[in-house]
Amino acid sequence: MTSDIAVLPVPTVWAGHRHYASRALLAPTTLDQLASIVTAGEHVRAIGSRHSFTDLADSPGVLVTLQGLVQEPVLDAETGTVTVSAGTTYGVLGPWLHDRGWALGALASLPHISVVGAVTTATHGSGDAVTTLAGTVVALEILGADGTVRRLERGDEVFAGSVVSLGALGIVTQVTLAVEPTYDVAQTVIDDADLTAVLESLAAVHASATSVSVFTRWDGRCSIWRKHRTDVAPALDLSGLGGTPADGIRHPIPGVDGAACTPQLGEPGPWFARLPHFRLEFTPSAGGELQSEHLVPRELAPQAVAAVRPILEANQHLVLVSELRSMAADDLWLSSAYERPTVGIHTTWVQDEQAVRAVLPAIEAALEPFSYRPHWGKVFATTEVAHRYPRWDDAVALVREADPTGVFAGPFTERVGLR
């Protein structure tokens, strides 16, 4: 390993509740330097924006940050794609694309996260017709255990097993995403709707606009956040479910100042400034928090939510807010939406890890009949994940072939058996 690679302090995860256990954080500035780290005989894992609530990105050896390898995106208008380097965030990519007349079809709740990190964990936004963020990938490049870079394109034999990879196949150095002409979105919020009525009509609620989130603290009431493209048919009327249109800007967590949130009240604006819940210049959500998410088939979502509702109601003191979101199916082997339209039951918790982890087994036991899949970047209790993914054995075989000595193995991938 060359001596001119910067060594940085080992950071904490985004929410600050745990340090990475690795011995060092290295910051290469060239692919050759990155290759020298990977082939030096230690375990290596890459970190992005660190928006994970577990040891997903941790390594018993070293961590690498790819911020020194960030380059300007490359737009190909003829193919309708953009290529971005690892370390690029959606907060940077969104305005860059919009200024050139292009857009992504979906974004997550916060623009602060890195594109590669979101893709490799199947992170998502909301929308019946849109996939996880990984679903927009049409090609990617991975630096493997031998220090060489391999390019994979949609249609290649193992492409679908290589996009949502949890970093187990190597270090993703760039991804190419499908883009479309830019568009505007208007965001509105319905306050104080009856939770039971909304859950009984959950499919219609999620289908009523481009992107829909239902927020609740399990007190019998909920709010409905709707982000709708202005270039399509109007959002569907939900007045029959009760509630009142918000008369000011709202935050998902009741009582928190809405200044951190993207514009609401039906004011149209560019897609990148409306699809996320939070503005780039503010700390998203609560900052110091924990998050869990369990994803179930869309057609079973009302029953699944009914199964966990009593548990979450009994633990309201730990819940900052829960969110119900929908997404389309994809074909990516380790995606939470693999081959099924999906609804995520997402909860933002107070940062009491012991108390939250004590509740998770009950939630997962209640959701077991509904074939749930945990979000890879959130806290969950189960280690029994293989049966939840029809292509799991193929994914494990792919990892063993790509990384036979376990250079990219870490405590998380070992625990879930992805080797």
What is the number of the single condition among (1) open to solvent by 20 Å² or more (accessible area, probe 1.4 Å); (2) in a loop (DSSP other than H, G, I, E, B); (3) closer than 25 Å to residue 119 by Cα that residue 335 does not meet?
(1)
When you go through 185, 175 one by one, which is the residue that is of a type in the set (A, V, I, L, M), at pLDDT 95 or above and either assigned to a loop (DSSP other than H, G, I, E, B) or under 24 Å from residue 264 (Cβ atoms) (or both)?
185
Can you find even one residue in segment 188-208 that is touching a strand residue (DSSP E or B) at 6+ places or on another chain (Cβ under 6 Å) and assigned to a loop (DSSP other than H, G, I, E, B)?
no
Of the residues in segment 343-359, those that are in contact with a Lys or Arg (Cβ under 6 Å, 6 or more places away or on another chain) and either part of a helix (DSSP H, G or I) or not hydrophobic (A, V, I, L, M, F, W, C) (or both) come to 344
Matching entry among 189, 149, 164, 172 (being more than 24 Å from the chain's Cα centre (by Cα) and of a type in the set (A, V, I, L, M)):
149
Do we have any residue at all in segment 269-285 that's open to solvent by less than 10 Å² (accessible area, probe 1.4 Å), aliphatic (A, V, I, L, M) and not in a loop (DSSP other than H, G, I, E, B)?
no
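Are any residues in segment 218-247 at positive phi, under 28 Å from the mean Cα position of the chain (by Cα) and surrounded by fewer than 17 Cβ atoms within 10 Å (Cβ to Cβ), and if so, which ones?
Scanning segment 218-247 gives a single hit, 220.
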In segment 359-406, anything open to solvent by 20 Å² or more (accessible area, probe 1.4 Å) and closer than 20 Å to residue 142 by Cα is listed as 394, 397, 400, 401, 402, 404, 405
With the first residue restricted to segment 190-205 and required to be under 15 Å from residue 298 (Cβ atoms), and the second required to be in a helix (DSSP H, G or I) and β-branched (Val, Ile, Thr), Cβ contacts under 7 Å at 6 or more apart or on different chains are 199/305; 205/198
Does segment 292-312 contain at least one residue that is assigned to a loop (DSSP other than H, G, I, E, B) and within 30 Å of residue 361 (Cα to Cα)?
no
Mind checking whether some residue in segment 151-169 is in contact (Cβ under 8 Å) with a residue 60 or more places away in the chain, closer than 20 Å to residue 212 by Cα, not β-branched (Val, Ile, Thr) and not in a strand (DSSP E or B)?
no
Would you say residue 381 is in a loop (DSSP other than H, G, I, E, B), under 30 Å from residue 39 (Cα atoms) and touching a residue at least 12 places away in the same chain (Cβ under 8 Å)?
no
Any chance residue 409 is closer than 21 Å to residue 57 by Cα, open to solvent by 10 Å² or more (accessible area, probe 1.4 Å) and either among the polar types (S, T, N, Q) or in a loop (DSSP other than H, G, I, E, B) (or both)
no
Please identify the pairs in which a residue from segment 214-226 that is within 20 Å of residue 262 (Cβ to Cβ) has its Cβ atom under 6 Å from the Cβ atom of a residue that is among the hydrophobic types (A, V, I, L, M, F, W, C) and open to solvent by 20 Å² or more (accessible area, probe 1.4 Å), counting only partners at least 6 apart or on another chain.
224/190; 226/235
Kindly indicate whether any position in segment 249-264 is outside any loop (DSSP other than H, G, I, E, B), within 30 Å of residue 56 (Cα to Cα) and open to solvent by less than 30 Å² (accessible area, probe 1.4 Å).
yes
Within 19 Å of residue 371 (Cα to Cα) and either surrounded by fewer than 22 Cβ atoms within 10 Å (Cβ to Cβ) or of a type in the set (A, V, I, L, M) (or both): is that true of residue 324 in this structure?
yes
Residue pairs qualifying under the 6 Å Cβ cut-off, at least six apart or on distinct chains, with the first in segment 296-315 being touching a residue at least 40 places away in the same chain (Cβ under 8 Å) and within 23 Å of residue 329 (Cα to Cα) and the second being open to solvent by 10 Å² or more (accessible area, probe 1.4 Å) and among the aromatic types (Phe, Trp, Tyr), are 296/370; 300/370; 304/370
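The values are calculated or read from the model by the stated rules, or taken from the named source; none is laboratory data. Note that this is a predicted model, so its numbers are computed, not measured. No Cβ is skipped: glycine too gets one built from the backbone with ideal geometry, and neighbour counts run over all protein chains shown. Side chains are part of the model used for accessible areas, which takes the heavy atoms of the whole protein and leaves out ligands, DNA and RNA. Shrake-Rupley method; radii C 1.70, N 1.55, O 1.52, S 1.80 Å.
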